[in-house]
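Presented below is the structure to which this report refers.
The values are calculated or read from the model by the stated rules, or taken from the named source; none is laboratory data. Please read these numbers as outputs of a predicted model, since none were measured by experiment. Positions of Cβ are backbone-derived with ideal geometry, glycine not excepted, and every protein chain shown enters the neighbour counts. Note: areas computed on protein heavy atoms with side chains; ligands, DNA, RNA excluded. Shrake-Rupley method; radii C 1.70, N 1.55, O 1.52, S 1.80 Å.
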Amino acid sequence: QVQLVESGGGLVHAGGSLRLSCVASGRTFTTYTIGWFRLAPGKGREFVGCITWSGETAYHPDSVKGRFTLSRDNAKNTVYLQMNSLKAADTAVYYCAAASVGLRYVPNDYDYWGQGTQVTVSS
């Protein structure tokens with residue numbers, strides 16, 4: 001079992017930055033891939049990136065590549081999503097999730113989810 005708690009969301013002006021955190025509890029956190037998704041009103045859950053258990057491999061889709069960066073600190077059971085150059089279109093609830101193997105890009109591949117944190121970008 002892995003429990004995930006996101007934090008760091010808030011209100012920011014366009015062009016600003018936020019760093020989201022995903023803190024995990026559970027003995028096997030360090031073996032999980034951690035992914036981030038977002039859910040905006042009227043839209044489906046969108047993948048924004050994932051990072052493998054070692055932290056050596058991370059992937060972001062083109063929609064956020066170059067602006068969002070993932071990192072993890074397994075000693076702190078924490079994954080960070082650094083978001084720069086934020087746009088109004090980035091407004092959403094952001095969720096972290098844990099998958100047991102490899103890079104995963106779709107929600108159904110993830111076994112555990114956090115409760116989400118709201119990010120609002122004003123234009």
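Taking 0.36 nm per residue of separation and subtracting the current Cα-Cα distance, fully stretching the chain between Q115 and A14 would add 33.9 nm. How much of the accessible area of the chain, probe 1.4 Å, is carbon plus sulfur, in whole percent? Solvent-exposed carbon and sulfur of the chain make up 51 percent of the total. With the simple model of a label 7 Å out from the Cα in the direction of the Cβ, N84 to E46 spans 2.0 nm. Computed FRET efficiency, Cβ-Cβ of V101 and S123, R0 25 Å: what is it to the nearest 0.05? Result of the calculation: an efficiency of 0.05.
Evaluated at q = 0.12, 0.16, 0.17 Å⁻¹, the base-10 log of the normalised Debye intensity for the chain, with identical point scatterers placed on the Cα atoms, takes the values -0.37, -0.67, -0.76.
Taking only protein heavy atoms into account and a 1.4 Å probe, give the accessible area per residue of region 1-77 in Å².
53
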